[in-house]
Amino acid sequence: MSRADVITLLYILAFSLFIVGLHMLRGPRTAVRGNQVAAIGMAIAVIATLIDRRIGDWGLIVVGLAIGTAVGIPSARSVRMTAMPQMVALFNGVGGGAVALISVVEYREALEGAGNPELSVLIPMLFAAIIGSISFWGSIVAFLKLQESLKGRFRIPRQVNAGLAALAVAIAIVIAAGTESEALFWLLLLVAGALGLSAVLQIGGADMPVVISTLNAFTGLSAAAAGVALDNTALIVAGMLVGASGSILTKQMADAMNRSIGNVFFSGLGAGGPTAPGIEGGTVRSTSAADVAIQLSYARLVVVVPGYGMAVAQAQRAVADLAAELEKRGVEVLYGIHPVAGRMPGHMNVLLAEADVPYDQLKEMDDINGEFARTDVALVIGANDVTNPAARTVADSPIYGMPILDVDKASSVIVLKRSMSSGFAGIDNPLFYDPKTALLFGDAKSSVAEVLGEVQQL
């Protein structure tokens with residue numbers, strides 16, 4: 001068996017493990033093992049690439065692996081769950097940036113040889129350069145927004161983005177038409193990078209789950225294109241898996257917000273909006289941990305609605321302990337999960353799974369909304385925009401038409417908040433002024449722990 005045959009077999013084994021691992025990510029019971037299977041597949045793909053005769057400088061490869069390992073493992077182990085969206089955005093951007101740089105290197109080598117490569121190689125190379133650069137710079141902005149180092153939306157005319165996109169395509173066409181210029185290729189990367197910056201700068205924080213998913217799909221597609229240019233089967237398959245799954249997830253996220261992907265990128269949230277009817281001059285009713293404990297202890301059904309406030313306070317284990325105590329008293333406890341709660345897809349599911357909350361208690365929005373009519377207490381922990389009734393009633397609200405969790409249909413609503421500040425969408429929530437709503441102010445973790453203490457004394 002030749003070396004080429006061995007490499008081909010290893011690649012087939014690698015992307016088979018990618019597919020199996022991705023399939024296992026469908027459920028929490030197999031997700032960890034699915035990650036491990038996919039990681040083994042990636043290790044095999046790396047080995048197959050390293051034994052290829054076309055491999056370059058081994059010294060640089062070893063240095064690169066060492067640096068990546070030294071940065072990646074400590075970062076992944078030490079990052080807090082609240083910062084996981086930022087890490088996902090950053091690592092995703094690094095992938096896109098790597099693809100863009102690979103395209104530059106391959107183009108430079110082609111120029112040093114016989115000139116521009118064949119169109120069958122050059123076109124995917126140009127595509128990888130454009131999409132990879134957009135993904136890298138867009139992910140950097142997403143990281144800064146999630147880190148709250150860069151706040152708000154920047155008003156950038158649509159004509160600017162359209163012009164940058166047209167210029168990038170025009171440069172790519174000029175290169176594909178036969179112009180041999182490394183400087184022009186670098187200019188292509190700069191223009192595509194400017195487009196990535198401009199596109200994400202104007203998007204509000206409430207849309208970050210969709211943005212992260214989109215950029216993830218972009219990185220996958222750019223990697224697949226680079227695989228075509230490099231004639232690397234494993235890279236093509238892995239890139240297409242990421243691109244396809246990211247695209248599907250993006251569509252699901254946008255549907256969950258009742259908005260098109262174009263609307264997310266060109267008319268995002270976070271710009272503020274009109275005050276909902278009845279809020280101006282309205283009053284909120286505050287409550288105490290003791291009163292909340294009594295309501296929860298004598299309820300038949302309690303629905304916990306987690307949001308980013310729970311993540312910031314790291315309150316998921318305290319919430320799980322409170323739920324366990326209520327269940328001892330015969331109270332049914334469910335969790336209402338909105339698809340875009342938090343800062344990335346599945347954020348709340350991950351946090352609650354970390355706290356060993358039974359997966360069958362986590363109910364998606366469509367499943368839990370029918371339960372609110374019989375819910376005695378809806379316990380909202382840091383979820384603002386996804387519980388805002390203005391999405392149903394205020395036509396000129398930025399979130400109008402977005403499906404929400406119908407917590408206002410519960411008999412009683414308890415909201416845990418630090419203050420009366422608005423959510424990422426930048427608008428008020430009329431739910432807080434509803435007569436059947438009471439607010440428990442303070443750090444969510446401390447508040448839940450105090451409520452748990454009061455429940456245990458009843």
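Of note, Y433 does not satisfy the criterion of being under 26 Å from V210 (Cα atoms) and either open to solvent by 10 Å² or more (accessible area, probe 1.4 Å) or among the basic types (K, R) (or both). Return a yes/no flag: does region 317-325 have any residue that is charged (D, E, K, R), free of Cβ contacts under 8 Å to residues at least 24 places away in the same chain and closer than 30 Å to V79 by Cβ. Scanning region 317-325 turns up no residue that is charged (D, E, K, R), free of Cβ contacts under 8 Å to residues at least 24 places away in the same chain and closer than 30 Å to V79 by Cβ. Given the criteria free of Cβ contacts under 8 Å to residues at least 24 places away in the same chain, surrounded by fewer than 23 Cβ atoms within 10 Å (Cβ to Cβ) and under 27 Å from the mean Cα position of the chain (by Cα), does R418 qualify? So R418 does not fit the description; no.
Cβ separations smaller than 9 Å between residues 6+ apart or across chains give the following pairs from region 282-298 residues that are more than 23 Å from E332 (Cα to Cα) to residues that are of a type in the set (S, T, Y) and open to solvent by 20 Å² or more (accessible area, probe 1.4 Å): G282/Y433; T283/Y433; V284/Y433; R285/Y433.
Within region 438-456, residues that are in contact (Cβ under 8 Å) with a residue 24 or more places away in the chain reach partners that are aromatic (F, W, Y) with beta carbons closer than 9 Å, at six or more positions or on different chains, in the pairs L439/F432; S447/F441.
Residues in region 119-142 that are surrounded by fewer than 24 Cβ atoms within 10 Å (Cβ to Cβ) and either farther than 23 Å from N161 by Cβ or free of Cβ contacts under 8 Å to residues at least 60 places away in the same chain (or both): L119, S120, V121, L122, I123, P124, I140. Of the strands (runs of 3 or more DSSP E) lying entirely inside region 292-396, those containing at least 3 residues that are open to solvent by less than 10 Å² (accessible area, probe 1.4 Å) are 301-306, 332-337, 377-381. Evaluate the following for A45: is it free of Cβ contacts under 8 Å to residues at least 24 places away in the same chain and not assigned by TED's automatic domain parsing to the domain that holds S149? It is false that A45 is free of Cβ contacts under 8 Å to residues at least 24 places away in the same chain and not assigned by TED's automatic domain parsing to the domain that holds S149. Output yes when any residue across region 180-188 is crowded, with 21+ Cβ neighbours inside 10 Å and modelled with pLDDT of 90 or more, and no when none is. Scanning region 180-188 turns up at least one residue that is crowded, with 21+ Cβ neighbours inside 10 Å and modelled with pLDDT of 90 or more.
The values are calculated or read from the model by the stated rules, or taken from the named source; none is laboratory data. Bear in mind that the values here come from a model prediction, so they are computed numbers and not experimental data. Virtual Cβ from ideal backbone geometry, glycine too; neighbours counted across all protein chains shown. Side chains are part of the model used for accessible areas, which takes the heavy atoms of the whole protein and leaves out ligands, DNA and RNA. Shrake-Rupley method; radii C 1.70, N 1.55, O 1.52, S 1.80 Å.
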